[in-house]
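Participant: Here it is, the structure in full.
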Amino acid sequence: MKSKPKIAIIKFASCDGCQLTLLDAEDELLAIADAVDLAHFAEASSRLDAGPYDVAIVEGSITTEDDRLRLLRLRDECRWMVTIGACATSGGIQALRNFADHEEFIRAVYATPETIHSLATSTPIASHVRVDFELRGCPVDKSQLLEVLSSLIAGHRPRTSTESVCQPCKRKGTICVVVAQGIPCLGPITQSGCGSICPAFDRGCYGCFGPTVQPNMAGHSQGVLLPRMSERDAVNLLRGFNAAAPSFQQESVRLWQITQTRDSTR
């Protein structure tokens with residue numbers, strides 16, 4: 001009899017939302033649990049078996065040296081590594097520290113800052129080890145997460161969308177909030193997966209699933225964002241759940257430099 005794949009679900013710095021998405025799958029989770037050997041899942045079970053694992057599903061970013069070392073050990077212990085969620089794939093909301101003075105933050109927040117031993121940056125898993133597949137979102141979409149797990153069980157590469165939020169938005173018949181209401185929106189440069197929820201409720205996309213393939217960042221800023229908001233507000237919009245995603249980060253830095261240059265010449 002073929003043995004079940006041994007799977008570990010591991011957490012680093014995160015809110016646990018992506019793991020909760022898996023737990024919320026309910027009936028589907030029962031079928032998946034029956035098809036795998038769920039060796040390590042602290043969110044759901046006291047069973048915490050050591051590796052090696054066939055698959056490690058990782059949530060969270062790397063924000064401490066201890067976690068960085070733990071990740072290196074995990075990579076050695078697993079055959080395949082899948083990262084889930086904005087924290088694991090782009091550093092998460094906590095990557096806002098990357099744009100500021102880390103030590104100043106610690107002094108402002110903690111009564112005894114000398115006890116804090118965090119890194120100056122929050123970085124995605126792929127910045128430290130080889131990752132075999134990334135699943136975006138804050139949190140991840142349940143259907144996509146089930147697709148990834150089912151594909152792993154079946155032994156083939158998962159198939160997830162790489163189109164922008166605008167495409168499913170149009171298919172649903174949602175009126176464009178940019179054109180109709182002048183609302184700034186990251187939809188054209190954001191990967192789909194959320195079901196285009198925000199535009200359906202007259203809100204611009206916040207970029208929860210990170211940048212799409214080859215986004216035209218400068219063109220989007222010039223044509224969609226800046227006619228409707230200031231450079232500072234555009235920077236704040238780009239520095240959200242996926243602030244440290246390279247294309248979002250580079251454009252936010254460019255826009256911030258424009259504001260700094262303008263302020264210095266006044």
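Participant: Whether any residue in region 133-146 is over 24 Å from I93 (Cβ atoms) and among the charged types (D, E, K, R) is what I want to check.
Facilitator: First, pick out the residues of region 133-146 that are over 24 Å from I93 (Cβ atoms): 146.
Those still in the list that are among the charged types (D, E, K, R) too: none.
Within region 133-146 (the criterion being over 24 Å from I93 (Cβ atoms) and among the charged types (D, E, K, R)), the answer is no, since none of the residues qualifies.
Participant: Taking region 194-205, which residues are in a loop (DSSP other than H, G, I, E, B) and surrounded by 14 or more Cβ atoms within 10 Å (Cβ to Cβ)? Spell out the reasoning first.
Facilitator: So in region 194-205, the residues in a loop (DSSP other than H, G, I, E, B) come out as 194-196, 201-205.
Those that are in a loop (DSSP other than H, G, I, E, B) and surrounded by 14 or more Cβ atoms within 10 Å (Cβ to Cβ): C194, S196, G204, C205.
Participant: Among the residues of region 208-216, are any under 23 Å from A180 (Cα atoms), surrounded by 12 or more Cβ atoms within 10 Å (Cβ to Cβ) and among the hydrophobic types (A, V, I, L, M, F, W, C)?
Facilitator: yes
Participant: Checking the conditions here, which among P139, P184 is not assigned by TED's automatic domain parsing to the domain that holds P246 and not acidic (D, E)?
Facilitator: Working: P184 fails: not assigned by TED's automatic domain parsing to the domain that holds P246.
On inspection, the qualifying residue turns out to be P139.
Participant: Could you say which residue among C185, C208, C169 is outside any loop (DSSP other than H, G, I, E, B) and closer than 24 Å to Q144 by Cβ? Can you show your working first?
Facilitator: On the way: C185 fails: outside any loop (DSSP other than H, G, I, E, B); C208 fails: outside any loop (DSSP other than H, G, I, E, B).
None of the others qualify; the one that does is C169.
Participant: Would you call Q222 assigned to a helix (DSSP H, G or I), farther than 30 Å from K4 by Cα and not assigned by TED's automatic domain parsing to the domain that holds R79? Break it down into steps so the answer makes sense when it comes.
Facilitator: Working: assigned to a helix (DSSP H, G or I): yes; farther than 30 Å from K4 by Cα: yes; not assigned by TED's automatic domain parsing to the domain that holds R79: yes.
Yes: the conditions hold for Q222.
Participant: To continue, here is another question. Every residue in region 239-266 that is closer than 16 Å to V213 by Cα and in a helix (DSSP H, G or I), please.
Facilitator: Scanning region 239-266 gives P246, S247, F248, Q249, Q250, E251.
Participant: Another question, if that's okay. Restricting attention to region 100-142, which residues are in a helix (DSSP H, G or I) and over 20 Å from G207 (Cβ atoms)? Let's see the steps before the verdict.
Facilitator: Residues of region 100-142 that are in a helix (DSSP H, G or I), as a first pass: 102-109, 113-115, 125-127, 142.
Across region 100-142, the qualifying residues are H102, E103, E104, F105, I106, R107, A108, V109, P113, E114, T115.
The values are calculated or read from the model by the stated rules, or taken from the named source; none is laboratory data. All figures in this text were calculated on a predicted structure; none of them were measured in a lab. Cβ atoms come from the backbone with ideal geometry, glycine included; neighbour counts cover every protein chain shown.
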